[in-house]
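First the structure, in the form of structure tokens, and then the observations on it.
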Amino acid sequence: QVRLVESGGGLVQPGGSLRLSCAASGSSFILYTMGWYRQAPGKQRELVAAISSGGMPNYGDSVIGRFTISRDNAKKTVHLQMNSLKPEDTAVYYCNANDQWAGSYWGQGTQVTVSS
């Protein structure tokens with residue numbers, strides 16, 4: 001199992017950048033696929049980006065070319081670099097750890113607001 005704590009959210013102008021961080025504690029971080037999901041009011045939670053234990057990334061279509069996910073297995077952290085932010089990126093962003101045997105775990109979320 002793993003405990004996840006997000007940080008780095010805030011208010012940013014359109015076109016700006018933010019870097020989200022997720023710190024993990026507990027056992028076997030390297031086993032998990034790590035991901036960032038987001039949920040805006042009235043909408044379903046959607047995948048933003050995910051990265052395998054070996055570093056293979058996948059991105060949602062709406063963020064390709066703008067966001068980059070990375071992980072440091074030694075430090076048990078995952079990051080989401082968000083560039084060229086748009087108002088439609090406004091949401092609560094959640095860190096996720098998933099393994100087919102160990103299960104799925106979620107952080108509490110961090111608010112990202114993109115507004116002039």
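Listed values, structure above:
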item	result
Accessible area in the full protein assembly, largest first, 1.4 Å probe, for GLU6, GLU88, GLU46	GLU88, GLU46, GLU6
Solvent-accessible area of TYR59 with every protein chain in place, 1.4 Å probe, in Å² to the nearest 10	70 Å²
Theoretical FRET efficiency, 1/(1+(r/R0)^6), r = Cβ-Cβ of LEU47 and SER116, R0 35 Å, to 0.05	0.80
Unit charges on C-beta of K, R, D, E only; dipole of the stretch 53-116, Debye	180 debye
Which of ASP72, ASP89, ASP61 is most accessible, then next, and so on - probe 1.4 Å	ASP61, ASP72, ASP89
Label-point separation in nm, MET56 to ALA23, each point 7 Å along Cα→Cβ	3.1 nm
Carbon and sulfur %, accessible surface of the stretch 24-116 computed with the full protein complex present, 1.4 Å	50 percent
Solvent exposure of the chain as accessible area per residue, Å², 1.4 Å probe	54 Å²
Under Karplus coefficients 6.51, -1.76 and 1.60, residue-wise ³J(HN,Hα) of the stretch 36-48 in Hz, glycine/proline x	10, 10, 9, 9, 9, x, x, 10, 6, 5, 10, 6, 9
Estimated distance in nm for a label pair at LYS75 and ASP99, the labels positioned 7 Å out from Cα along Cα-to-Cβ	2.2 nm
Net lengthening on full extension, SER7/SER84 (0.36 nm per residue, minus Cα-Cα)	25.8 nm
Accessible heavy-atom area order of SER52, SER27, highest first, probe of 1.4 Å	SER27, SER52
Relative contact order [Cα under 8 Å, 6+ residues apart], the chain, whole percent	37 percent
Charged-residue dipole, Cβ positions (Lys, Arg, Asp, Glu), the chain about Cα centre, Debye nearest 20	160 debye
Set of lysines with alpha-carbon distance to LYS86 below 22 Å, sequence-local pairs under 8 removed	LYS43
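The values are calculated or read from the model by the stated rules, or taken from the named source; none is laboratory data. Please read these numbers as outputs of a predicted model, since none were measured by experiment. Virtual Cβ from ideal backbone geometry, glycine too; neighbours counted across all protein chains shown. Surface areas here come from the heavy atoms of the whole protein model, side chains and all, with no ligands, DNA or RNA. Shrake-Rupley method; radii C 1.70, N 1.55, O 1.52, S 1.80 Å.
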